[in-house]
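Each value in this text was obtained by applying a stated rule to the coordinates, not by laboratory testing. Since we're looking at a predicted model, the values are computed, not measured. Note that each Cβ is placed from the backbone with ideal geometry, even for glycine, and that neighbours are counted across all protein chains shown.
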Amino acid sequence: MKLTQEQYIRYSRQLILPELQGKGQEKIMQAKVLLVGVGGLGSPQALYLAAAGVGTLGLLDGDRVDLTNLQRQVIHSTDDLGSPKVVSARKKIKALNADVETRIHGERLNSQNAMDILSGYDIIVDCTDNFPARYLLNDACVILSKPLVHGAIYRFEGQTTVFYPEQGGPCYRCLFPVPPAPGMVPSCAESGVLGVLPGVVGLIQAGEVIKLILGEGKPLIGRLLFCDLLTTQFQELVIRKDPNCPLCGEDPSIRELIDYEEFCGLRAHERGDAAERPGFPYGLRAVDLDRKMGAGESILFLDVREEWERSIYPFTEGIQIPYSKLQGEWETLLPHKDREIVVCCLFGWRSREAARLLAGKGFENVLNLEGGLEELYVYREQSSPKEES
Amino acid sequence: MKLCFLSGLREIVGQEEVDLEYEGRLSGLLETLCERYGHSLRRLLLDAEDPGRKSSFVKILVNGEDVGHADPELRGEEKIFLFLPIAGG
């Protein structure tokens, strides 16, 4: 393909790089890159890869823009609230660079659609937010022999690498053969995330994408890069291919996609299989809590939020002991040992841990408010009778 | 030895690096750490069913080598990295 005069000017600042030149820019303009997830990690990448002139950008996301996204998902605006993320992102990409062809996939990736969708792209970028999707993408990319540019974030910390067993590096299963049990490692919704973190990690991923397209430089194959924005430290570890990996090892046993929700223990978790739930205690959802309270059951609430969080969803019933102090103060609950205790926090993760701690101390009637006070507030708001106007 | 706590573990330990005097098996080191940092670390580092073993999903590299399921003898001069998979995006 030949670049137009306008394209020479538009991309001039990068095509004067000796590693790029006109030929490199042509490679970029012929590349097909799929961003799986157009949230925190996907947003900055969509903008920068579009600006760089990537020929075809696939956008895959089944979610709609909501207010809690806008602190970090910079491709979406306040005006886009309620719109599908892929539609919102396509609008911004078109405005930025009409050279880019955007293909939108407004659905969730699953074992049925993954191979068809991924096979239309050269490079796949993992911008997802859950373990089943990460294992699914990994397996599909290994089976299709495509590079997978990995990024993951948590609070102030990020991990980035390129999984490309074809080029001698490991795959995600070599690194993490087994996923953590559901609820063991909290999500961004549960533990928070610094808004600029996906910008930093996402753009490291975008840099890897460009290098893979160009075949220049030294991609993060076989290297796992950690970044910590709280201490501003970067750490690189060598990661190796596992010869016994069931997917990319010498004698693979996984040759097709499987049920990743099952693999990650989510179905067992939803079914409530006791043996599959090292995550005792039993959860209580907002609807069940209100039913119990409606029936007049005597419940003691234990709010384990930190003091500064209590203004977010005001809740003054029961006893307040921050999770950070519970280990040292749990004995103050001994007079209530025989009562039914419902432990709550903002999103239900720390309270699950707190309930587990109390169960270990001999409290037999402890329940966790799943989804936390946020879910309780949303539930009560939705179920309260609306005033006639 | 120097212990480096990376993603998912640093917030529990409260610092990214810890210097520790220890000689013996890795499993003994993990038990020492769990005693020091409590329940929050124990549930991530040790297997829920078999508390003598490292959990299946925590990643531990001793002098750059992944220990996998092994329980190596440590001499006290190692640099050890510990981290978890994270899924946020």
Here, residue A:115 and residue A:359, labelled 7 Å along Cα→Cβ, have an inter-label distance in nm of 4.0 nm
Inter-part distance where segment A:117-153 and segment A:56-94 are each reduced to a Cα centre, Å
20 Å
Figure the gain on full extension for residue B:56 and residue B:11 (residue separation times 0.36 nm, minus the Cα-Cα span) and round it to one decimal in nm.
14.2 nm
Dimensionless Rg ratio for chain B, taking C-alpha atoms and the 2.2 N^0.38 Å reference:
1.00
J(HN,Hα) series, segment A:175-190, from Karplus relation 6.51 cos²θ - 1.76 cosθ + 1.60, nearest Hz, glycine and proline x:
6, 10, x, 10, x, x, 4, x, x, 6, 10, x, 8, 4, 5, 7
Note the direction-averaged projected area, equal to a quarter of the hull surface, for the Cα convex hull of segment A:127-279, in nm².
9.8 nm²
Kirkwood hydrodynamic radius, segment A:280-377, all distinct C-alpha pairs: what's the number in Å?
13.1 Å
Which longest run of chain B has no exposed loop site in it, a site being trypsin sites (Lys or Arg not before Pro) in a DSSP loop with at most 15 other beta carbons within 10 Å, and the site itself not part of the run?
B:1-52
Computed over chain A: longest principal axis from alpha-carbon atoms vs helix A:42-52 long axis, angle to nearest 10 degrees, is 10 degrees
Determine the alpha carbon to alpha carbon distance for each of A:85/A:146; A:2/A:27; A:23/A:92; A:27/A:146; A:325/B:59; A:32/A:146 and list only those over 19 Å.
A:85/A:146; A:23/A:92; A:325/B:59
Excluding residues fewer than 8 positions from residue A:91 in its own chain, the aspartates and glutamates with Cα under 19 Å of it are A:61, A:63, A:66, A:79, A:80, A:99, A:101, A:107
Which value, in Å³ per residue, describes the convex hull spanned by the Cα atoms of segment A:40-140?
90 Å³
Quick one: Karplus J couplings for segment A:319-328, per residue in order, coefficients 6.51, -1.76, 1.60, θ = phi - 60°, nearest Hz, x for Gly and Pro?
10, 10, 9, x, 3, 5, 10, 5, 4, x
Can you compute the charge dipole magnitude of segment A:280-377 about its Cα centre, using +1 on each Lys and Arg Cβ and -1 on each Asp and Glu Cβ, nothing else charged? Give it in debye, rounded to the nearest 20.
180 debye
Hey, what's the per residue convex hull volume over the C-alpha atoms of the protein assembly as shown, in cubic angstrom?
171 Å³
Given R₀ = 60 Å, FRET efficiency for residue A:382-residue A:2 by Cβ-Cβ distance, to 0.05?
0.55
Two-site FRET efficiency, residue A:235 against residue B:25, from Cβ-Cβ distance with R₀ of 25 Å, rounded to 0.05
0.45
If amide H atoms are modeled at 1.01 Å from N in the peptide plane, then the residues at a separation of 5 or more from residue A:155, or on another chain, having amide H under 5 Å from its own are A:194
Distribution output for segment A:31-269: share of Cα-Cα pairs per 10 Å bin in percent, first bin at 0, values 8, 33, 39, 18, 2, 0
Under 8 Å for C-alpha pairs, at least 6 residues apart: give me the relative contact order for chain A, rounded to a whole percent.
12 percent
Under 11 Å from a point placed 7 Å out from the Cα of residue A:63 along the Cα-to-Cβ direction: which residues of segment A:186-227 have their backbone N that close?
A:188-190
Could you calculate the contour length gain from residue A:30 to residue A:331, that is, 0.36 nm times the residue separation minus the distance between their Cα atoms, to one decimal place in nm?
101.8 nm
Any aspartates and glutamates whose Cα falls less than 19 Å from that of residue A:218, other than same-chain ones fewer than 8 residues away, would be A:19, A:122, A:166, A:208, A:236
What is the sum of charges around residue A:337, taking Lys and Arg as +1, Asp and Glu as -1, for the other residues whose C-beta is under 15 Å from the C-beta of residue A:337?
-3
Per-pair calculated FRET efficiency, R0 = 60 Å: residue A:12 and residue A:257 via Cβ, rounded to 0.05:
0.85
